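Comments concern the structure below.
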Amino acid sequence: MARLPKLAVWKFSSCDGCQLSLLDCEDELLAVAGAVDIAYFPEATRRVVKGPYDVSLVEGSVTTPEEAERIHKIRRQSKLLITIGACATAGGIQALRNFADVKEMASVVYASPEYIHALGTSTAIAAHVEVDFELRGCPINKYQLLEVLNAFLNKRKPNIAAHSVCQECKREGHVCVMVAHRTPCLGPVTHAGCGALCPAYDRGCYGCFGPMETPNTRSLSARWKELGSSRDDVIRAFRTYNAGSEAFRKESEIHEAL
Ligand code: SF4
Ligand code: SF4
């Protein structure tokens, strides 16, 4: 019998939500377990099979000196390395530290800040090692994860659209909250993948899938201002789960400098 590809799932600084998306596959989980050898996945099993691994899924961002070292070791052990979620692809909500003085914050938050050995930044995995594919979302969409795994196991390109949430919104037939209700929405600059969940409930998108492939953040910010959003509203909108992504970071910094 042919050897099954070895799958490893690694955690860095994160909430575990994206790993749970894999466990949440329920109906498909048995098929996944039959297609790969789950060699390392502490969230799901105590079994540990030594590397090298055919596919590594990496959740979380790099926020400590240990993590900055460990990701290189994982890269060396992995034929394919796929990052999953906003933390791994953009630094996550913890990238808010990139705009502040971490030492000063630690001294306010912790009684004994001398025990905190964190880096001054939270960065995406791709800032440290070569990444074969980045799957976005906070958390990721489990069907997109299955598609990415299926594609790599069958040596084809993943069919993951990089266009905006607006296109999903139109496809689903939702009324545009920005046009109909003047509700600020980040959908025009946000990566598709959620099926336009928030507009389906008459809420604006707040960008949890991060920037789409060609985000025109300048135009969208101008529109938000026409709708009555303040400078601080715009900064806050671009500084959530994907604050560390280049497009959202740059846009927030432009408004901060105003
Ligand atoms: S509601 Fe938001 S995501 Fe949907 S079309 Fe309007 S701007 Fe785009
Ligand atoms: S509409 Fe936007 S904020 Fe809501 S789930 Fe989708 S990407 Fe995330």
**Fill in**
Computed from every Cα-Cα pair in region 16-84, P(r) in 5 Å bins starting at 0 and rounded to whole percents is 4, 14, 23, 28, 20, 7, 4, 1
**Request:** Please report the relative contact order for the chain, taking Cα pairs under 8 Å with a sequence separation of at least 6, and give it as a percent rounded to a whole number.
**Result:** 18 percent
**Prompt:** Where in region 119-206 are there GluC sites (Glu not before Pro) that are in a DSSP coil and have at most 11 other Cβ atoms within 10 angstrom of their Cβ?
**Reply:** Glu130
**Item:** Distant-in-sequence amide H partners of Val9 (H built 1.01 Å from N, under 5 Å)
**Value:** Tyr40, Phe41, Leu57
**Request:** Treat the count of other C-beta atoms within 10 Å as a stand-in for reagent exposure and order Val108, Val131, Val175, Val58 from fewest to most.
**Result:** Val108, Val175, Val131, Val58
**Complete:** Hits in region 239-253: amide N under 20 Å from the 7 Å Cα→Cβ extension of Arg75, namely 244-246
**Message:** On alpha carbon coordinates alone, what is the Rg over Rh value for the chain, Rh being the Kirkwood radius?
**Reply:** 1.00
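Shape call for region 137-258 from the C-alpha gyration tensor, a ≥ b ≥ c root eigenvalues: rounded (a/c under 1.5), prolate (a/b greater than b/c) or oblate?
Working: a/c = 2.57, a/b = 1.54, b/c = 1.67.
Judged from the Cα gyration tensor, region 137-258 comes out oblate (a/c at least 1.5, b/c at or above a/b).
Once you order the gyration tensor axes a ≥ b ≥ c over the Cα atoms, which shape class does region 65-194 get: rounded for a/c under 1.5, otherwise prolate or oblate by comparing a/b with b/c? Before the final figure, lay out each step's value.
On the way: a/c = 3.47, a/b = 1.27, b/c = 2.73.
Taking the square roots of the gyration eigenvalues as a ≥ b ≥ c, region 65-194 is oblate.
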**Item:** Amide hydrogen neighbours beyond the local backbone of Leu81, cut-off 5 Å, H modeled
**Value:** Ser56, Asp132, Phe133
**Complete:** Expected sort for Asp233, Asp54 with the fewest Cβ neighbours (10 Å cutoff) up front is Asp233, Asp54
**Request:** Apply the Karplus parameterisation 6.51 cos²θ - 1.76 cosθ + 1.60, with θ equal to phi minus 60°, to every residue of region 183-199 and state each ³J(HN,Hα) to the nearest whole Hz, in sequence, with x for glycine and proline.
**Result:** 8, x, 9, 8, x, x, 10, 9, 5, 5, x, 9, x, 6, 4, 5, x
**Message:** Taking 8 Å as the Cα distance limit and 6 or more residues as the minimum spacing, I'd like the relative contact order of region 1-111 as a percentage.
**Reply:** 29 percent
**Prompt:** Ordered by residue, what ³J(HN,Hα) values in Hz, to whole numbers, does region 150-155 give under the Karplus form 6.51 cos²θ - 1.76 cosθ + 1.60, where θ = phi - 60° and Gly and Pro are x?
**Reply:** 4, 4, 5, 5, 9, 6
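Need the full-extension length gain, Ala68 to Glu172, defined as separation in residues times 0.36 nm minus the C-alpha distance. One decimal, nm. Don't skip to the answer; put the middle values down first.
Numbers: separation 104, 0.36 × 104 = 37.44 nm, distance 4.11 nm.
33.3 nm is the gain from fully extending Ala68 to Glu172.
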**Item:** Computed P(r) (all Cα pairs; region 123-201; 5 Å bins; percent)
**Value:** 3, 14, 21, 20, 17, 11, 8, 5, 2
**Complete:** If Ser56, Ser252 are placed from fewest to most neighbouring beta carbons inside 10 Å, the sequence is Ser252, Ser56
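Bear in mind these aren't lab numbers, they're just calculated from the coordinates by the rules spelled out. If you're wondering where the values come from, they're calculated on a predicted model, not measured in any experiment. In this analysis, Cβ positions are derived from the backbone assuming ideal geometry, glycine residues included, and neighbour counts consider all displayed protein chains.
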